[in-house]
Amino acid sequence: MALIKCRECGQVISDMADHCPKCGCPVMNESEETQYGPTSEQMMYQDVASSGNGSNNNNKLLYAILAFLVAIIIGGGIFYFIDRNNKMEKALEQQQQQHVADSLAKDSLAKAQVIKDSLNILKAEAQPRVAPQPRVVTIDGYHHLKGAISKYGITMDIQVNGGYVEGTYYYHSQGRSAKMTVYGNLSGSQLHLEEYNPDGVNTGCFDGTFNGYSYSGGFQNYMKGTYFKFNVVEK
C-alpha cells in the first residue's frame with residue numbers, strides 16, 4: 001500500500017481507496033487511467049473546474065473593463081477642470097489687459113485735454129487786450145427802475161425831460177393798483193422827487209444821485225417821520 005495525492009483536490013490518500021474521502025473523486029492507478037482513460041465522474045469534475053476557471057476569467061475581464069471606464073471618466077473630469085481653469089485664467093487675463101488699456105486711454109485723453117486747455121490759455125493771453133467800451137448813458141428819456149426802500153421792494157418808472165422829472169412807483173407788496181406819483185427836478189446828478197399818494201397828498205420825498213441807470217439816496221416819509229435808504233437800478 002502506498003500514499004498518493006488525489007488528482008482533483010490534492011488530498012493525500014491510500015492507493016487502495018476507491019474514492020477520495022475529501023472530494024469524492026474516483027481513485028485510479030496509472031495503469032487503469034492509461035487503459036480506460038478518465039471516468040465520467042472525473043470528466044464532470046474537470047468540466048466544473050474548467051467552468052470555474054472561465055468564470056474567474058470573465059470576472060477578471062469585467063473588472064478590467066470597469067477599471068478602464070472609471071479611468072476614462074476620471075481622466076475626462078480632470079481634463080475638463082484643467083481646461084475650465086485655463087479658460088478662466090485666460091478670460092481674467094484678458095479683462096486685466098482691457099482694464100489697463102482703458103486706464104491708459106483715459107489718462108491719454110485727460111492729458112490731451114490739459115494740454116489743449118493750456119494752449120487755449122496761452123493763446124488767449126497772447127491776444128491783445130481790448131479795453132471795454134464805456135457804457136453810453138442817456139439821462140433824458142424813459143427809465144424803468146427796480147430796487148427797494150430799506151427792505152421793501154419797489155418798481156419806479158420816470159420820464160426825464162431836461163431838468164424836469166415825473167413818474168410813478170409802487171410797493172411790490174401792495175401791487176400796481178396802489179401807485180404813488182412823483183415830481184421833481186434833476187440838477188447835474190442830483191435828483192429830488194416829491195411823493196404824492198393816490199389822494200394827491202404830499203407824503204414824502206426822494207433825494208439822491210441819478211446817473212441814468214441807477215438812483216440811490218434817502219427816502220423821507222412825512223406822515224410817519226421816518227427816513228430810509230433806497231436804491232433802484234434800471235432793468
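The values are calculated or read from the model by the stated rules, or taken from the named source; none is laboratory data. Keep in mind the model is a prediction, meaning the values are calculated, not measured. Every residue, glycine as well, gets a Cβ built from its backbone with ideal geometry; the counts of neighbours run over all protein chains shown. Note: areas computed on protein heavy atoms with side chains; ligands, DNA, RNA excluded. Shrake-Rupley method; radii C 1.70, N 1.55, O 1.52, S 1.80 Å.
State yes or no: is VAL182 surrounded by 15 or more Cβ atoms within 10 Å (Cβ to Cβ), of a type in the set (Val, Ile, Thr) and farther than 17 Å from SER150 by Cα?
Details: surrounded by 15 or more Cβ atoms within 10 Å (Cβ to Cβ): yes; of a type in the set (Val, Ile, Thr): yes; farther than 17 Å from SER150 by Cα: yes.
It is true that VAL182 is surrounded by 15 or more Cβ atoms within 10 Å (Cβ to Cβ), of a type in the set (Val, Ile, Thr) and farther than 17 Å from SER150 by Cα.
Give the residue, chosen from ILE154, ILE158, that is open to solvent by less than 50 Å² (accessible area, probe 1.4 Å), part of a strand (DSSP E or B), farther than 14 Å from PHE219 by Cβ and among the aliphatic types (A, V, I, L, M).
Numbers: ILE154 fails: farther than 14 Å from PHE219 by Cβ.
Selected residue: ILE158, the only one of ILE154, ILE158 that is open to solvent by less than 50 Å² (accessible area, probe 1.4 Å), part of a strand (DSSP E or B), farther than 14 Å from PHE219 by Cβ and among the aliphatic types (A, V, I, L, M).
What residue, of ASN85, ASN58, is at pLDDT below 90, under 30 Å from CYS25 (Cα atoms), out of contact with any Pro (no Cβ under 7 Å at 6 or more places or on another chain) and of a type outside the set (Lys, Arg)?
Details: ASN85 fails: under 30 Å from CYS25 (Cα atoms).
Checking each option against the conditions leaves just ASN58.
Listed here are the strands (runs of 3 or more DSSP E) enclosed by the stretch 166-235 that have at least 2 residues being of a type in the set (A, V, I, L, M): 180-187, 190-196, 226-234. Number of residues in the stretch 210-235 that are open to solvent by 60 Å² or more (accessible area, probe 1.4 Å), among the hydroxyl-bearing types (Ser, Thr, Tyr) and in contact with a Phe, Trp or Tyr (Cβ under 8 Å, 6 or more places away or on another chain): the value is 1.
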